[in-house]
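*Asks:* Next up is a structure, given as structure tokens.
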Amino acid sequence: MSKKVLIYLTFFLVLLTGFWWFLFRDNDMWQAKLPTISYVKPFRFVTQNGTPFTESNMLGKVCVVEYFFTTCKGICPRMNNNMKGIYELFKNEPNFLIVSHSCNPETDSVPIIKKYADSLAVDTRKWIFLTGRKDSLYSMARNSYLLDDPKNNLERLEDQFIHTQFFALVDKSGQVRGQVYDGLKENELSLLKKDIAKLLKEKAGKNGFVNGIFNNNPQ
């Protein structure tokens, strides 16, 4: 091969590499993806302000999801202290949201969760507090967010009480991603923060939905 041909070939390869980099530089297809472990099913709860909140309010946003109750003296204060650290880190991201569900809706009425939210001194447009029907709240914890064993649905609802320190991570398309994160362990909180940053860079699925978003059956 002549020196001239080699120069032309090298120039062509550099040009081709630059073209492909330019074409896909904003495309996340080259990055390792966090696994999809579940999907957010349809729901309808009420916020600390008494307004409806459904799965559509989460689409287009990266959401961290938890369950707590306002009168908890055990793990909940520690969980929400750690959650506030996540809030402070990402509160200025327009596509970020924290969604906290009450696991004791019999006590946690709208005025009660409003008072609790105010005590944390957070922007409740970025950190939402929800209450609603116990069966619906628990079904979401188990069947959408995987924060409790779905087999517990077979027990009497009156005897059930979810008390978990785990957080779920939802992407812009309503997919539950990564893993279930322990909200009391520093190493898992650090991983959660890294995974939030990854998902914020991803683009949402077409029209904000993905295949199977309502059936909890990842393809």
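Read the figures in this text as sums done on the coordinates, not as results from a lab. Everything quoted here is computed from the prediction, not taken from an experiment. With ideal geometry, Cβ positions are generated from the backbone for all residues, glycine too; neighbour counts draw on all protein chains shown.
*Asks:* Students often get this wrong: which residues of the stretch 52-83 have the backbone nitrogen under 11 Å from the point 7 angstrom along Cα-to-C-beta of Leu200?
*Replies:* 62
*Asks:* Could you put Thr36, Thr71 in order, starting from the residue whose Cβ has the fewest other Cβ atoms within 10 Å?
*Replies:* Starting with the residue having the fewest Cβ neighbours, the order is Thr71, Thr36.
*Asks:* Too long at a 27 Å Cα-Cα cut-off: which of Lys33/Lys151; Lys73/Lys194; Lys151/Lys198; Lys61/Lys115; Lys151/Lys203; Lys134/Lys198?
*Replies:* Numbers: Lys33/Lys151 29 Å; Lys73/Lys194 29 Å; Lys151/Lys198 32 Å; Lys61/Lys115 25 Å; Lys151/Lys203 34 Å; Lys134/Lys198 33 Å.
Long pairs (Cα-Cα over 27 Å): Lys33/Lys151; Lys73/Lys194; Lys151/Lys198; Lys151/Lys203; Lys134/Lys198.
*Asks:* Could I ask something else about it? How far apart, in nm, are two points set 7 Å out from the Cα along the Cα-to-Cβ line at Thr107 and at Lys33?
*Replies:* In this crude label model, Thr107 to Lys33 measures out at 4.2 nm.
*Asks:* Arranged by the count of other C-beta atoms within 10 angstrom, fewest first, what order do Arg156, Arg44, Arg177 take?
*Replies:* In increasing order of surrounding Cβ atoms, one gets Arg156, Arg44, Arg177.
*Asks:* Points 7 angstrom from Cα along the Cβ direction at Ser119 and Ser56: gap in nanometres?
*Replies:* A separation of 3.4 nm, rounded to one decimal place.
*Asks:* Ranking Ile162, Ile98, Ile75 by Cβ neighbours within 10 Å, fewest first, what do you get?
*Replies:* Placing the least packed residue first, the sequence is Ile75, Ile162, Ile98.
*Asks:* What relative contact order, as a whole-number percentage, does the stretch 34-208 give when Cα pairs under 8 Å and 6 or more residues apart are counted? If you can, show how the numbers build up before the last one.
*Replies:* Numbers: 305 pairs, mean separation 57.8, N = 175.
Taking the mean separation of contacting Cα pairs over the length of the stretch 34-208, I get 33 percent.
*Asks:* Here's another thing I want to ask about it. I need the shape label for the stretch 88-217. Rule: rounded when a/c is under 1.5, else prolate if a/b > b/c, else oblate, with a, b, c from the alpha carbon gyration tensor.
*Replies:* Because a/c hits 1.5 or more and a/b fails to exceed b/c, the stretch 88-217 counts as oblate.
*Asks:* Additional query: Dipole size in debye (nearest 20) for the stretch 29-133 around its Cα centre, Lys and Arg Cβ +1, Asp and Glu Cβ -1?
*Replies:* Magnitude of the dipole: close to 60 debye.
*Asks:* Can you give the FRET efficiency to the nearest 0.05 for Lys126 and Gln160, using r as the Cβ-Cβ distance and R₀ = 35 Å?
*Replies:* Details: r = 30 Å, r/R0 = 0.86.
E between Lys126 and Gln160, to the nearest 0.05, is 0.70.
*Asks:* Oh, and also: Out of residues 5 or more away from Phe43 or on other chains, whose amide H comes under 5 Å of its own, with H placed 1.01 Å from N in the peptide plane?
*Replies:* Here the answer is Glu55, since their amide H atoms fall under 5 Å of that of Phe43.
*Asks:* Among all the lysines, which ones have a C-alpha under 17 Å from Lys114's C-alpha, if same-chain residues fewer than 8 places away are not counted?
*Replies:* Lys84, Lys126
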